[in-house]
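The values are calculated or read from the model by the stated rules, or taken from the named source; none is laboratory data. The model shown is predicted, which means the values in this text are computed figures rather than measured ones. Every residue, glycine as well, gets a Cβ built from its backbone with ideal geometry; the counts of neighbours run over all protein chains shown.
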Amino acid sequence: MIIKTSMNRRQLLAVSASAAALSMPFVRRAAAADEIKVGIVLPLTGPFAEAGQLQKAAVDMAIEDINAAGGIQSLGGARIVAAYGSYQTDVSEANTETERLLHQEKVVGVIGPYASGVALAGTELAERAQVPYLVPNALADAITGRGLKYAFKTVPHVSQFATDAGALLAELGKKSGQVAKTVALVRPDDFFGNVVGEQFNTKLPGVGLEIISDNTYPNNASTMEDTILQLRGANPDVVLATGEPAAITLLFQQLAELAYWPKLGWIGVGGGYTNPITHKNLAGLSDGVIVINDWFPQIKRPGAAEINKRFTERTGVDMLGNANTTYAGVWIFAEAIKKAASADPKAIRDALAGLSLTEGVPMFMYEKVEFDDTGFMKYAKNVAAQIRGGKAEVIWPETLAVGEAQWPVPGWDKR
């Protein structure tokens, strides 16, 4: 909605900026406008729609909060508006939507997407258009590892999940006397699953963990029995797994039916294992699972409980499954626009690169917001939580923990 006012100096500046933009077609004309349009690329339909819709709810909530707080005050209170681009799973479909946002909608920046493969392609498109692309969800290390100047990432790398899994298991072993030595991987046979496989196979041996079984499954799997039989035969101390809510739900239902559980426990990484819908669907079957993620609602950070409460009232579920990082990402992008005092994409890009925040809303997730020379947010770190009663309770690191880990996790017959 455009705010109507009488003709004043601000509007005269807007008219002047519009006139100048006619001779400069690649400059966005929102620098003195009442609205600043930001592109949002998400899977709002298709198999990942549950996660995409939660992220959309987070975007909408963040924009409402920012605008209610006065908008972009360095631009006279300009309001942020979202221009959505929706895809299902296909990268080319996402690329088409990204191109539309960049060249037809003339957005000042893009936030998204959900999947790493889409992020790798979309950031390339934004680089060519010289428009900043903020990635608050996709985890692949390569997103900020290619020398791009307009790509920024606010979540940990996949490689961090591997090394943090090793550190967590070492601490659990020290405290319990039950030291994990062997692990099995369970992952989807897709781009992200393969990135996880590559990083975990590279990093885990270096922290003293032997991978004795590496299992993949198709995203449309109708049964997980073969995977479970492979796990039973390998008999690992711990299973490390990733996946989407539907696959995880099927997997745990069949784990219970076939009465298989690893010797020490099960650790999930990534959005599917943090998605509250996953644990709601499992109705207690996932209790005891340890999940590594960048944030959980019960974490000891300022504003975390209040923000999660409002999101839960809005959606009926906790702010997880990438909703938390998306909400924070919109605020970080708004802070960059504020710092730039401009809606010129290059100015916003430079503001992101030089951003340094130690207070404000993003602190509900981060100790500090600051990007390194590659565009990676260097204070993006992981924490671990254990599922209890369908809810995630932070157990690691100790400085952020609200409870103690149960380790080893008992098998199905002892619960």
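On the given criteria, is GLY71 of a type outside the set (Ser, Thr, Tyr), assigned by TED's automatic domain parsing to the domain that holds ILE337, more than 22 Å from PHE152 (Cα to Cα) and touching a Gly at 6+ places or on another chain (Cβ under 9 Å)? So GLY71 fits the description; yes.
Residue-wise test of (1) modelled with pLDDT under 95; (2) surrounded by fewer than 13 Cβ atoms within 10 Å (Cβ to Cβ); (3) farther than 15 Å from GLY288 by Cβ; (4) not basic (Lys, Arg).
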residue	(1), (2), (3), (4)
MET377	no, no, yes, yes
ALA384	no, no, no, yes
ILE387	no, no, no, yes
LYS391	yes, no, no, no
PRO397	yes, no, yes, yes
ALA405	no, no, no, yes
VAL409	no, no, no, yes
LYS414	yes, yes, no, no
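Would you be able to say whether some residue in the range 127-136 is closer than 19 Å to ASN194 by Cα and touching a residue at least 40 places away in the same chain (Cβ under 8 Å)? Checked the range 127-136: no residue is closer than 19 Å to ASN194 by Cα and touching a residue at least 40 places away in the same chain (Cβ under 8 Å). Taken as a whole, the condition of being within 25 Å of LEU168 (Cα to Cα), crowded, with 17+ Cβ neighbours inside 10 Å and over 21 Å from the mean Cα position of the chain (by Cα) applies to VAL238. Inside the range 359-415, residues that are in contact (Cβ under 8 Å) with a residue 60 or more places away in the chain, assigned to a helix (DSSP H, G or I) and under 30 Å from ILE66 (Cα atoms) make up a count of 3. When the range 320-344 is filtered for residues that are within 26 Å of ALA305 (Cβ to Cβ) and not in a helix (DSSP H, G or I), the ones remaining, listed by number, are LEU320, GLY321, ASN322. Could you say whether any residue in the range 286-301 is part of a helix (DSSP H, G or I) and surrounded by fewer than 24 Cβ atoms within 10 Å (Cβ to Cβ)? No, because not a single residue in the range 286-301 is part of a helix (DSSP H, G or I) and surrounded by fewer than 24 Cβ atoms within 10 Å (Cβ to Cβ). Determine if the range 333-349 includes at least one residue that is among the β-branched types (Val, Ile, Thr), closer than 24 Å to ILE111 by Cβ, in contact (Cβ under 8 Å) with a residue 60 or more places away in the chain and not assigned by TED's automatic domain parsing to the domain that holds VAL239. Yes, the range 333-349 contains a residue that is among the β-branched types (Val, Ile, Thr), closer than 24 Å to ILE111 by Cβ, in contact (Cβ under 8 Å) with a residue 60 or more places away in the chain and not assigned by TED's automatic domain parsing to the domain that holds VAL239.
Based on what the data block shows, is ALA305 surrounded by fewer than 23 Cβ atoms within 10 Å (Cβ to Cβ), in a helix (DSSP H, G or I) and within 19 Å of the chain's Cα centre (by Cα)? Break it down into steps so the answer makes sense when it comes.
On the way: surrounded by fewer than 23 Cβ atoms within 10 Å (Cβ to Cβ): yes; in a helix (DSSP H, G or I): yes; within 19 Å of the chain's Cα centre (by Cα): yes.
Against the criterion (surrounded by fewer than 23 Cβ atoms within 10 Å (Cβ to Cβ), in a helix (DSSP H, G or I) and within 19 Å of the chain's Cα centre (by Cα)), ALA305 qualifies.
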